[in-house]
Structure formats: structure tokens, C-alpha cells
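The values are calculated or read from the model by the stated rules, or taken from the named source; none is laboratory data. Just so you know, these numbers come straight off a predicted model, no measurement behind them. When we count neighbours, we look across all protein chains shown, and the Cβ atoms used for this are built from the backbone with ideal geometry, even at glycine.
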Ligand SMILES: Cc1ncc(COP(=O)(O)O)c(C=O)c1O
């Protein structure tokens, strides 16, 4: 066994033993295959590399205090990948096949699931792409689904922390009637330049407004936004954001805590009225937002007191992590325990 320093893992690629593959040919998906190669030979005219016919997912497996491995809401990721297929004219991978691939990959790479105490987890990355050769812009006739896993460190190494975000009106990530609601590679390519600039300016990520009117809040980098205002959990309704599974889960937990959940348009100026806010997603669960600077308008929205995460963010974060690691009962049936 390679010496993995579980306590100092970052969010990067670490080679594991096996990955799972499945090919689509002659109008149907084949059987799942296990591979120990990190490579895949591809046709030079594959639609994935020319026209971006591609989608991916991201989910995690956690090792509990009891040593058991828990996978969080994989049926939701399977469904979202089907939506991405619909949006890119790729064939839908059946939900059962997706789940079987997840379970198989985690099981075969069990030794890479970090110990409970490390706060780290196993990141699961399914990806699907057109492999068939086409030169015109059209969908491929053949596809590949690959699923690999890689151990990742805890997002907050020095404890739960709040970070600043920036609104930069010169960049859009996705259009209102475009691809933002799907998890497709092109959206991330489209975010790289803005992300680089935000990092250079000292921000943790870009805070996107709706591309059409630049009036409403969309997303924060690769995470959904929520704000806490009085007794409400407020999160954007938008056609250009990814439906986050973490956000969907937090909405349930917010209600459990007696908060009112509001999914609606949020005007950027409303940021001034939130007591707390967070960016939520698989990577961080919740990344509390310290402040948001509207770069072009020179306005700062403060979303923390003394730069510290607020109590509601912390409570939601702890509750969701406790379900994921099995410290608290899985009362919503979100977790699949590996045999
Ligand atoms: C653009 C974008 N928004 C939101 C999210 C958060 O989604 P989830 O909670 O399902 O990880 C992600 C990450 O998957 C993302 O890439």
C-alpha cells in the first residue's frame, strides 16, 4: 500500500486500483467492465473532444466511526447525469447501472476510503462522453461511461472558515436558456478565466449573476448559493444554475430546524439583508461566505460578523456531515451502506 498521508490530502487526483467502464454501441449500453488502466484510447474525431459532447458527476463515500462506508444520495447523481444526457443528446445511462458502477468502484477501491478520524472522504467521479467519430456537428453513435474514485482531503483543514467571493460583470458562466442546468464540461471551461482572475484578486471564487439582466443571483463558482435571513433559508430559482444535491438536502434540514425555505429570484441588492450566507456543494458541504464584493460597482456585502461563519451555517454543516459519516441516523434514506 502506498503511504497515503490521510491527514494531509488535498483535492487532487490520487491513483487508485480500479475504474469501471461501460460502452454504448448499436443503440445499447453493454456490461460494466473493470479496468486497472488510467488511460483510454480515443478516436481523433470523437465528438467529445470536438464538440464537447460530455457530462460528469461528483459524489462522495465516507467511512464512519463504525468502519462502514456510506455513499451519499447516488440516485440523485444518477438522475442528474440522465438530465445531462438529455441536454447533450447522449444516451441515458440507467440509474441501476450507475449505482452498480458506484458500488463496484468503491468496493474494489475500499482501501482508499480514508479513515473516519481524518475527515477525508472518497470522491467518486463518473464521466460520459461521445466516442464515435463525426466531423459535422452531430451526436455520436457510440459513447463511453467511466467511473473512477480518488481520496480527497477535508475541505476545511483549519476548521470551518468563511471566505470572500466576487461579482465580476464582464464574465458569464451560462445563459438563461443554455447549459447551466446540466453538469457538462463546457460550463467549467467557460468559468476558468473568471476563476483565475478571482483567485488572483484574492477571492475564493466568482459569484455569478444571471447573464441576461445581471440583476439576480445565480451561483458561486461550482456551488449553489443560499442566504439566511431571519427565519428563512433563501436560495435562487434560476434556469442557469446546476440543481445541487447538497442544496436540496440542506433545504430539507433547514425545514427540520424550523426555517422557512424560499426558492425564488434573489436580487443582488438583497444580499445586504442576509445575516449569513453560504456556497454549498459536494466538495465543501457549506463554504460560508465572508463577504461578496461587487467589483464593478465597488460595493461590499458583508455576510459574517467578524469574518466568522454564522450559527445557522454551522448547524446545517454539522447536521449534514453527521448524516454522511453515520454519526446521526439517516432518517431520510439518503445513505447507501456498502456491504
Ligand atoms: C456549477 C455547480 N453548481 C453547484 C454544484 C453543487 O452541486 P452538488 O451539491 O450536487 O455537488 C456543483 C458541484 O457539483 C457545480 O459544479
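Observations on the model:
- Members of segment 131-161 found to be more than 22 Å from residue 26 (Cβ to Cβ), modelled with pLDDT of 95 or more and not in a strand (DSSP E or B), listed by number: 137
- Of all residues in segment 221-234, exactly one satisfies the criterion of being under 24 Å from residue 87 (Cα atoms) and more than 8 Å from the ligand (Cβ to nearest atom), namely 225.
- Matching option when the condition is modelled with pLDDT of 95 or more, in contact with a helix residue (DSSP H, G or I) (Cβ under 6 Å, 6 or more places away or on another chain) and under 30 Å from residue 277 (Cβ atoms), among 55, 84: 55
- Count of segment 117-152 residues which are touching a helix residue (DSSP H, G or I) at 6+ places or on another chain (Cβ under 7 Å), farther than 28 Å from residue 50 by Cα and crowded, with 18+ Cβ neighbours inside 10 Å: 3
- Members of segment 242-255 that are away from the ligand (no atom under 11 Å from the Cβ) and without any contact (Cβ under 8 Å) to a residue 40 or more places away in the chain: 251, 255
- Filter result (in contact with a strand residue (DSSP E or B) (Cβ under 7 Å, 6 or more places away or on another chain) and more than 20 Å from residue 58 (Cα to Cα)) within segment 1-22: 4
Yes or no, residue by residue, for (1) in contact with a strand residue (DSSP E or B) (Cβ under 8 Å, 6 or more places away or on another chain); (2) in contact (Cβ under 8 Å) with a residue 40 or more places away in the chain; (3) part of a strand (DSSP E or B):
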residue	(1), (2), (3)
239	no, yes, no
262	yes, no, yes
278	yes, yes, yes
300	yes, no, yes
312	yes, yes, no
333	no, no, no
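- Lone qualifier among 26, 36 - being closer than 21 Å to residue 4 by Cβ and without any contact (Cβ under 8 Å) to a residue 60 or more places away in the chain: 36
- Residue tally, condition away from the ligand (no atom under 12 Å from the Cβ), in a loop (DSSP other than H, G, I, E, B) and closer than 24 Å to residue 56 by Cα, over segment 184-212: 3
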